[in-house]
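Undergrad: Let me begin by handing over the structure; questions about it come next.
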Amino acid sequence: MQQAKRVLVTGGAGFLGSFLCERLLREGHEVACVDNFFTGSRRNVAHLLDNRSFEIIRHDVTFPLYVEVDEIYNLACPASPVHYQFDPVQTTKTSVHGAINMLGLAKRVRAKILQASTSEVYGDPEIHPQTEDYWGRVNPIGPRSCYDEGKRCAETLFFDYWRQHKLRIKVARIFNTYGPRMRPDDGRVISNFIVQALQNQPITVYGTGEQSRSFCYVDDLIDGLVRMMQTADDVTGPINLGNPVEFTMLELAELVIELTGSRSKIRFLPLPVDDPKQRQPDIGRALRELNWRPRIALRNGLAKTIAYFEDLVSSGHVPAAAE
Ligand code: NAD
Ligand code: UDP
């Protein structure tokens, strides 16, 4: 067991953030969860509110924050294309101003800081699988750019604070991650397909469905983030965190139909602009530097996620999936 620390999790009421808060509390740390509840909710952390080591602070990271902490996990930022494109200016501000504010805080209190970066920094990649030294192929002016370029600029800021101010930084590049507590209406492929299948509605496959992604179950991902925070000060990353087993969207649709026993049929819809054709992490660096690799196969992670959405659907709280 490591020494108890005061840890700040921005975006702590979101999908990944809520699991991270839970894990850190389980390890005996004090956790301050900062969130503006844009895509996150109190419900995600309701079960933690009685814990005296847990505190929730409503705050937008585009404004400065002053708290005394030892470590910062910077997760605040909508992750689903539907939500990050809803207010693209705010998305860029969240990534860029949010990073400046959290790095400024880390500098002031000498905290270690980890950035939740993304495979989107690689854009629509020309090399496959993606290694950390690949610089990416990102459209700077498209509808996904607010997220992709915001996250790229945040990485730049992290490395400049490291070079210029000797800050202890960690940059994790997260690939598609899924699990319980994803929002049923957030438009990401796994939540969409499961909600559609459970309601026997058409499964909305964009384009031909031949584009690929590699899906990591949330517990594996959280373990990677925590391991990365614990590395020696000279380990800055970037480090890819994701499950390298790749699936096409058609394969995913078929698997979800099978696991839910659904009567849904597939409906093909237009491919969104700049939708990456393929994505698979090279996790060699994570294996070497964190001794980390994902353990949970898609089929098993999907079963847990389907159970979560079944409860939501049967309690009547699920709107139709976003298309
Ligand atoms: P999410 O939308 O569930 O969580 C994001 C959280 O940040 C929400 O609780 C939201 O309310 C909060 N937030 C947004 N803007 C904020 C602001 N200005 N101030 C304070 N809080 C704000 O998404 P997630 O899947 O949990 O993603 C968490 C982080 O991980 C994000 O930074 C995302 O870019 C990154 N990431 C996630 C994935 C994935 O597949 N889930 C992949 C790559 C990167
Ligand atoms: N997708 C799909 N149907 C949906 C939602 C998404 O076919 O209902 C596709 C989308 O076009 C993309 C892939 O699934 O190729 C993953 O989309 P998601 O929004 O989950 O993540 P990202 O594109 O950011 O990897």
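The values are calculated or read from the model by the stated rules, or taken from the named source; none is laboratory data. Since we're looking at a predicted model, the values are computed, not measured. Cβ sites come from the backbone with ideal geometry, for glycine too, and all protein chains shown count toward neighbours. With ligands, DNA and RNA removed, areas are computed over all heavy atoms of the protein, side chains included. Shrake-Rupley method; radii C 1.70, N 1.55, O 1.52, S 1.80 Å.
Undergrad: How far apart, in nm, are the 7 Å Cα→Cβ label points at Arg288 and His317?
TA: That separation, rounded to one decimal, is 4.5 nm.
Undergrad: Given an 8 Å cut-off on Cα distances and at least 6 residues of separation, report the relative contact order of the stretch 145-298 as a percent.
TA: Details: 230 pairs, mean separation 48.7, N = 154.
Relative contact order, the stretch 145-298: 32 percent.
Undergrad: Here's something else I'd like to know. Using a Debye calculation, one point per C-alpha and no hydration shell, please list log10 I(q)/I(0) for the stretch 168-274 at q = 0.16, 0.22, 0.23 Å⁻¹ in order.
TA: One equal scatterer on each Cα of the stretch 168-274 leads to -0.77, -1.17, -1.24.
Undergrad: May I pose another question? Restricting to the chain, compute how many DSSP beta bridges are antiparallel as a %, nearest 5.
TA: On the way: 3 of 38 bridges.
Just about 10 percent of them are antiparallel.
Undergrad: Using the charge dipole of the chain (Lys, Arg: +1 at Cβ; Asp, Glu: -1 at Cβ; taken about the Cα centre), state which of Ile283, Leu103, Asn300 has its Cα farthest towards the positive end.
TA: Checking the options against the dipole of the chain, the answer is Leu103.
Undergrad: Take every Cα-Cα pair in the stretch 265-323 and report what % of them are more than 13 Å apart. Write out the running numbers ahead of the final one.
TA: Values: 1356 of 1711 pairs.
Result: 79 percent of Cα pairs exceed 13 Å.
Undergrad: Placing +1 at every Lys and Arg Cβ and -1 at every Asp and Glu Cβ, with all other atoms neutral, what dipole size does the chain have around its Cα centre, in debye to the nearest 20? Display every interim value, and only then the final one.
TA: Details: 38 positive and 39 negative charges, 110 e Å.
My answer is approximately 520 debye.
Undergrad: Using a probe radius of 1.4 Å on heavy atoms only, what accessible surface per residue do you get for the stretch 2-41? Whole Å² is fine.
TA: Per residue, the stretch 2-41 has 32 Å² of solvent-accessible surface.
Undergrad: Multiply the residue separation of Asn200 and Asp50 by 0.36 nm, subtract the distance between their alpha-carbon atoms, and state the gained length in nm to one decimal.
TA: Values: separation 150, 0.36 × 150 = 54.00 nm, distance 3.81 nm.
Difference between extended and current length: 50.2 nm.
Undergrad: A further question follows. Just name one of Thr92, Ser119, Val69: the one whose Cα is farthest towards the positive end of the charge dipole of the stretch 56-129 (beta-carbon charges, Lys/Arg +1, Asp/Glu -1).
TA: Val69
Undergrad: Just read off the accessible area of Val82 with the full protein assembly in place, 1.4 Å probe, to the nearest 10 Å².
TA: 70 Å²
Undergrad: Let me ask another. Between their Cα atoms, which of Lys112/Lys170; Lys93/Lys151; Lys5/Lys170; Lys107/Lys170; Lys170/Lys277; Lys93/Lys277 are more than 20 Å away from each other?
TA: On the way: Lys112/Lys170 8 Å; Lys93/Lys151 10 Å; Lys5/Lys170 17 Å; Lys107/Lys170 14 Å; Lys170/Lys277 28 Å; Lys93/Lys277 27 Å.
The pairs that break the limit, which is 20 Å between Cα atoms, are Lys170/Lys277; Lys93/Lys277.
Undergrad: Report the full-extension gain for the segment Tyr308 to Lys265: residue separation times 0.36 nm, less the Cα-Cα distance, to one decimal in nm.
TA: On the way: separation 43, 0.36 × 43 = 15.48 nm, distance 2.21 nm.
Length gained, Tyr308 through Lys265: 13.3 nm.
Undergrad: Report the dimensions of the stretch 115-179 along its three principal axes from the alpha-carbon atoms, largest first, rounded to Å.
TA: Dimensions of the stretch 115-179 along the principal axes of its Cα atoms: 33, 28, 25 Å.
Undergrad: Next question, about the same structure. Let me see the pair-distance distribution of the stretch 207-323: every alpha carbon pair, 10 Å bin width, integer percents in order.
TA: That works out to 12, 33, 33, 18, 5, 0, in percent per bin.
Undergrad: Enumerate by residue number the trypsin sites (Lys or Arg not before Pro) in the stretch 197-297 meeting two conditions: DSSP loop (anything except H, G, I, E, B), and at most 13 other Cβ atoms within 10 Å of the site's Cβ. Show your work: numbers first, answer last.
TA: Details: sites: Arg213, Arg227, Arg263, Lys265, Arg267, Lys277, Arg279, Arg285, Arg288, Arg295; in loops: Arg263, Lys265, Lys277, Arg279, Arg295.
Those that pass, being in a loop and sparsely packed, are Arg263, Lys265, Lys277, Arg295.
Undergrad: Okay, next question. For the stretch 12-81, build the convex hull from the C-alpha positions and give me its volume per residue in Å³.
TA: Hull volume over Cα atoms, normalised by residue count, gives 87 Å³.
Undergrad: Rounded to a whole number, what % of the accessible area of the chain do carbon and sulfur atoms account for, probe 1.4 Å? Intermediate values should be presented prior to the final figure.
TA: Details: 7170 of 14090 Å².
That fraction is 51 percent.
Undergrad: When every alpha-carbon pair in the stretch 217-267 is counted, what percent end up more than 12 Å apart?
TA: 74 percent
Undergrad: Taking the convex hull of the Cα atoms, report for the stretch 1-123 its projected area averaged over all directions, in nm². Intermediate values should be presented prior to the final figure.
TA: Details: hull surface 30.7 nm².
Answer in nm², one decimal: 7.7.
Undergrad: Label the stretch 47-204 by shape, choosing from rounded, prolate and oblate, from the square roots a ≥ b ≥ c of the eigenvalues of the Cα gyration tensor; if a/c is under 1.5 it is rounded, and otherwise prolate applies when a/b is larger than b/c, oblate when it is not. Walk me through the numbers on the way to the answer.
TA: Working: a/c = 1.99, a/b = 1.26, b/c = 1.58.
The shape class here is oblate.
Undergrad: Then there is this: Note down the Stokes-Einstein diffusion coefficient of the chain in µm²/s, whole number, using a Kirkwood radius over alpha carbon pairs, 4 °C, and 1.567 mPa s. Write down the numbers at each step before the final one.
TA: Numbers: Rh = 19.8 Å.
Estimated diffusion coefficient is 65 µm²/s.
Undergrad: While we're here: Please identify the chymotrypsin sites (Phe, Trp or Tyr not before Pro) of the stretch 219-323 that satisfy two criteria: DSSP loop assignment and at most 16 other Cβ atoms within 10 Å. Which are they? Walk me through the numbers before you get to the answer.
TA: Values: sites: Phe247, Phe268, Trp292, Tyr308, Phe309; in loops: Trp292.
Sparse-neighbourhood loop chymotrypsin sites (Phe, Trp or Tyr not before Pro): none present.
Undergrad: May I pose another question? Using all Cα-Cα distances in the stretch 51-123, what percent lands in each 5 angstrom bin from 0 up to the longest?
TA: 3, 14, 23, 25, 16, 11, 6, 1, 0
Undergrad: Subtract the Cα-Cα distance of Glu251 and Asp87 from 0.36 nm times their separation in residues, and report this length gain in nm to one decimal.
TA: Full-extension gain reported as 55.9 nm.
Undergrad: In deg cm²/dmol and to the nearest 500, what is the mean residue ellipticity at 222 nm of the chain if only DSSP H runs of at least 4 residues count, each as -39500 (n - 2.57), divided by the residue total?
TA: Values: 9 runs with 117 residues, N = 323.
About -11500 deg cm²/dmol.
Undergrad: Which ³J(HN,Hα) values in Hz, rounded to whole numbers, follow from the phi angles of the stretch 220-225 under the Karplus curve 6.51 cos²θ - 1.76 cosθ + 1.60, where θ = phi - 60° and Gly and Pro get x?
TA: 4, 5, 4, 4, x, 5
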